[in-house]
Each structure stands twice: as C-alpha cells, then as structure tokens.
Amino acid sequence: MSDAVTLTSPEPGIALITINRPEQRNALSAEVRAGLYAAWDAFETTPDYRIAILTGAGEKAFCAGGDLKEMVETGLQVPPRDMFPVPYDTVQLSKPTIAAVNGVAFAGGWMIAQGCDLCVASRAARFAITEVKVGRSSPWAAPLIHMIPQRIMMEIILTGKPIDAERAYEIGLVNRLAEPGETLEVALELAREVLQGAPQSVRAGRETVMLATQMGRSAALEAARHASEWTYRCEDAQEGPRAFAEKRAPVWTSFD
C-alpha cells in the first residue's frame, strides 16, 4: 500500500480508508487505484475489521473522479473491467461500508461513494456524474436506479450538473448530513451503531437488502431465508435474547 491511500483503525472494529492526494483532489490515479485495491483487501481479510469508512483527505474533495490527464496520456478508450476499485463490484467484500463524503464527489468519486452501503456527507459536499461534460460514459451508474427516482437519475446523468448535499439527502442518496469538518465523526457514529448489532445479523441483513435489490419478491425471500440460516444457528442468536431477558448488554462472539 502506498502513501496515496492510508488504512488506519480509529476505533476497534473500524477500518478507515483515506485517499491521501488532496493536492490532486483525491483523483483516481493509478497509484490511488492500486492503494485502494490493497486497502480493501486488507479490510476484508483482517478479522478485527467489521466495518470500513472510505473518505478523502482535506475538506475540498472526497474524490474528483478519474485522472483525465492519465486518460489522455494512455489514450484510454473502454476502461478495463477491473480498472477502478468499486466496493462490491470489482472489489469483493462481505462486510458493511460507509462513504464519508467530505467534499466534491464527481464522476468516479460518485462511483466509489455509490458503491458503499451507507453514505454520510458534509453539507459542503457536492455530487455530480460529469462524464457527459468530457465525452465519456457512466455505465457504473446503473445501480443508482435502486437508490433514487428514474427522472432524477436521468437529469443528473444527462446534464452532468452537480447537486448539493441537501439535495442528495433529499433524494435518498445520502443517509446523514454533517457540518463541514465533522463528516468523519458522524460517519464514526454511524459505524458504532452498526457495530452494536450482532455481527452475523448485520451480515445477513446486508445480504437481505442486496438480494431484495437484485431479485424479484419471491426469489429474494427464498434467498434471504437461506442467507439467514447461519445467523439463526450461531451462538449469538441465543445470546441476544438471553441478554435481553437478563437486562444486560449482549456479548457477541460470532464475528466470522
């Protein structure tokens, strides 16, 4: 992992992945892409990490998107399938993730924020799918239809105009808003709330949401029941009700 991307653990169970190129608006250069792939792999394979927060260094940019200068220099046409590290797409993950959008999230920046399960945004943040402005395309935006209404998605993609954080929250793209400078703390608060749940229940819950997004009603119900079997059978499924009955905090053990 290079210094373009850092991986730290501000609190037990939480991995903080930071794109550390504020002077380049945290653009997705080759070095940043490699760093993100390495960081996501370390997060997934480290048992102590149960949730990750993805953010950008500085207050101006979460990530300004792909490196256009690099595209010009390489004559990039169709991007290779694995060019960009997108959570749950080109990066295989089984744990929940939060995007902490501290500044602009344009094009590829929107892409990697969209890929995360949850999103916290600074009130100073802006989001845009700007590919139409530079003659590129945004096939990665297809899953957005499951997050926001069709006509709003159409306008965002066809105009390339930015929306502010308030609008992103209003249409359902953002879970929580934060005052400038407090984005990471609000994301940490959200992560702590997720960590309070039983690990296997959180995992099954995440799978249920994704199955419901990808399938029809009957198929999703069947698949979700199957995905939840391990949760019901693990020790935490007994510990939770027992702790409630004994009026104490549960002690979760099923982390894998």
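The values are calculated or read from the model by the stated rules, or taken from the named source; none is laboratory data. All figures in this text were calculated on a predicted structure; none of them were measured in a lab. For neighbour counting, all protein chains shown are included, and Cβ atoms are generated from backbone atoms with ideal geometry for every residue, glycine included. Remember, those area values only see protein heavy atoms, side chains included, never the ligands or the DNA or RNA. Shrake-Rupley method; radii C 1.70, N 1.55, O 1.52, S 1.80 Å.
Please identify the pairs in which a residue from segment 120-144 that is surrounded by fewer than 17 Cβ atoms within 10 Å (Cβ to Cβ) has its Cβ atom under 9 Å from the Cβ atom of a residue that is of a type in the set (D, E, K, R) and at pLDDT below 90, counting only partners at least 6 apart or on another chain.
From residues that are surrounded by fewer than 17 Cβ atoms within 10 Å (Cβ to Cβ), the pairs are SER137/GLU131.
Against the conditions (1) open to solvent by 60 Å² or more (accessible area, probe 1.4 Å); (2) touching a residue at least 60 places away in the same chain (Cβ under 8 Å), where does THR253 fall short? Just the number, please.
(2)
Can you work out which of the residues in segment 78-106 that are among the charged types (D, E, K, R) and modelled with pLDDT under 95 is most open to solvent (accessible area, probe 1.4 Å)?
The qualifying residue most open to solvent (accessible area, probe 1.4 Å) is ARG81.
From MET210, MET154, grab the single residue that is at pLDDT 90 or above, part of a helix (DSSP H, G or I) and on the phi < 0 side of the Ramachandran plot.
MET154
Answer yes or no as to whether GLY240 is in contact with an Asp or Glu (Cβ under 9 Å, 6 or more places away or on another chain) and farther than 18 Å from PRO96 by Cβ.
Answer is no for this residue.
What residue, among those in segment 202-238 that are closer than 27 Å to THR8 by Cβ and of a type outside the set (A, V, I, L, M, F, W, C), is nearest to the chain's Cα centre (by Cα)?
This residue is ARG206.
Tally up the residues in segment 172-194 that are assigned to a helix (DSSP H, G or I) and open to solvent by 30 Å² or more (accessible area, probe 1.4 Å), please.
6
Of all residues in segment 195-227, how many are open to solvent by 20 Å² or more (accessible area, probe 1.4 Å) and small (Gly, Ala, Ser)?
Of the residues in that region, 9 qualify.
Being of a type in the set (Phe, Trp, Tyr), closer than 23 Å to MET111 by Cα and touching a residue at least 12 places away in the same chain (Cβ under 8 Å), is that true of even one residue in segment 169-176?
Yes, segment 169-176 contains a residue that is of a type in the set (Phe, Trp, Tyr), closer than 23 Å to MET111 by Cα and touching a residue at least 12 places away in the same chain (Cβ under 8 Å).
Taking segment 23-40 only, how many residues are open to solvent by 60 Å² or more (accessible area, probe 1.4 Å) and closer than 17 Å to ALA99 by Cα?
2
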